[in-house]
Amino acid sequence: MRIVIDTDPGVDDMVAILAALAEPGFDIAGITTVGGNVSLAAATRNALRILAMAGRDDVPVYMGAESALDASARHVHGEDGLGGCDWPEATFGAKPSAAVSFLGGMRSRYTLACLGPLTNIAGLLRERLDAAASIDRIVLMGGGFGTHSFSTPSRVVHSQGNVVPDAEFNIHTDPEAARAVFSSGIPVTVMPLDVSHQTLVSRERLDGLDGRVGRAVAPVLDRYGEFSRARWGHHSGPLHDPNVLAHLADGGLHEGQRGEVSVSAGGKTTLVESADGPHTVMTRVDAGGYLDWVWQRLARL
Ligand code: RIB
Ligand code: CA
């Protein structure tokens, strides 16, 4: 499966990219970066460091748009976006073409795996009217539909939102871009907080990370979990983004509903269910099977 990963790394993005690199079924045509968790420059630096960590300088990186909001999630992902890890700088850089030019030039069909705000994809759809014809489907991490909640020592956590009570970070950061993607006619599968809040990484899971790269990831995920500990009194962080790649590799891990997703001006997502809608919103996941999928691939690197 030929894929492009659009991403704002970000610790969970990092895990998603590494797992994708170890998935034999993926042909990664490129990585496009977007501002979100951290600035565009930091997200691009991190995408390159992640590829360098995996020894994959063959995967091209293309810079996209700065964050549509002056927002960031550095309080979750660390000032550098990778938990302050000491991973070396890449000895290679991003390609000179911009993300929209790269995506607009794709001639063979591919699948878009979107892990951050959708600003690049909206720009592509706006500037290259023929671009949608090359995109088989979009699978994105984003949104919240309020179908899941869990209790922690300090509060009940609902899946409608995270950065604000009724909106999730990727959609909230650029609601207009999300609206453009959902109204594009391209089939979209959504991995919302309803799913990723079921995929919390426990201490036992962290201790089970294996291999050179897996052992390098463990302390970064542990620092990422500090935010959850401080906020929820709950050890671990939700592993949001790898759900997108795991679903593309193994369609049996997640279940959901079809219909049409709408996005409010503030980024709140709502699903109107229908049997033939263009969108699928996942609400259930085999969390153990999902985390096994991720851990097995990290151990291979
Ligand atoms: O709300 C979680 C999403 O926002 C994840 O993609 C995380 O990396 C941040 O981008
Ligand atoms: Ca992300």
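The values are calculated or read from the model by the stated rules, or taken from the named source; none is laboratory data. From a predicted model like this one, the values you see are computed outputs, not experimental measurements. Note that we place each Cβ from the backbone using ideal geometry, even for glycine, and neighbour counts take in every protein chain shown. Only protein heavy atoms, including side chains, enter the accessible area calculation; ligands, DNA and RNA are left aside. Shrake-Rupley method; radii C 1.70, N 1.55, O 1.52, S 1.80 Å.
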Determine, yes or no, whether Arg179 is at pLDDT below 95 and away from ligand 1 (no atom under 12 Å from the Cβ). no
Glu79 is checked against (1) of a type outside the set (A, V, I, L, M); (2) farther than 28 Å from Gln296 by Cβ; (3) touching a residue at least 60 places away in the same chain (Cβ under 8 Å); (4) within 16 Å of ligand 1 (Cβ to nearest atom) and fails just one. What number does that condition carry? (3)
Residue identified as of a type in the set (Asp, Glu), at pLDDT below 95 and either within 16 Å of ligand 1 (Cβ to nearest atom) or surrounded by 23 or more Cβ atoms within 10 Å (Cβ to Cβ) (or both) among Asp70, Asp86: Asp70
Scanning for something of a type in the set (A, V, I, L, M, F, W, C) and at pLDDT 95 or above, does region 143-153 turn up at least one residue? yes
Can you tell me which residue is nearest to Gly143 (Cα to Cα) among those in region 188-205 that are part of a helix (DSSP H, G or I) and open to solvent by less than 10 Å² (accessible area, probe 1.4 Å)? Leu193
Please go through region 1-25 and give me each residue that is in contact with a strand residue (DSSP E or B) (Cβ under 9 Å, 6 or more places away or on another chain), outside any helix (DSSP H, G or I) and within 21 Å of Gly211 (Cα to Cα), ordered by number. none
Looking only at region 34-46, count every residue that is within 12 Å of ligand 1 (Cβ to nearest atom) and either aliphatic (A, V, I, L, M) or touching a Lys or Arg at 6+ places or on another chain (Cβ under 9 Å) (or both) and tell me the total. 4
Odd one out for Ala216 among (1) of a type in the set (Gly, Ala, Ser); (2) part of a helix (DSSP H, G or I); (3) in contact with a Leu (Cβ under 6 Å, 6 or more places away or on another chain): (3)
What tally of residues in region 1-50 results from selecting those that are in contact (Cβ under 8 Å) with a residue 40 or more places away in the chain, more than 12 Å from ligand 2 (Cβ to nearest atom) and not basic (Lys, Arg)? 17
Quick one: count up the residues across region 230-266 that are within 15 Å of ligand 1 (Cβ to nearest atom), over 29 Å from Val220 (Cα atoms) and crowded, with 20+ Cβ neighbours inside 10 Å. 1
Go through region 120-172 residue by residue and tally those that are in contact with a strand residue (DSSP E or B) (Cβ under 9 Å, 6 or more places away or on another chain) and either within 12 Å of ligand 1 (Cβ to nearest atom) or under 10 Å from Leu193 (Cα atoms) (or both). 20
Among helices (runs of 4 or more DSSP H) entirely inside region 114-187, those with 2 or more residues being more than 15 Å from Ala265 (Cα to Cα) and within 15 Å of ligand 2 (Cβ to nearest atom) are 119-127
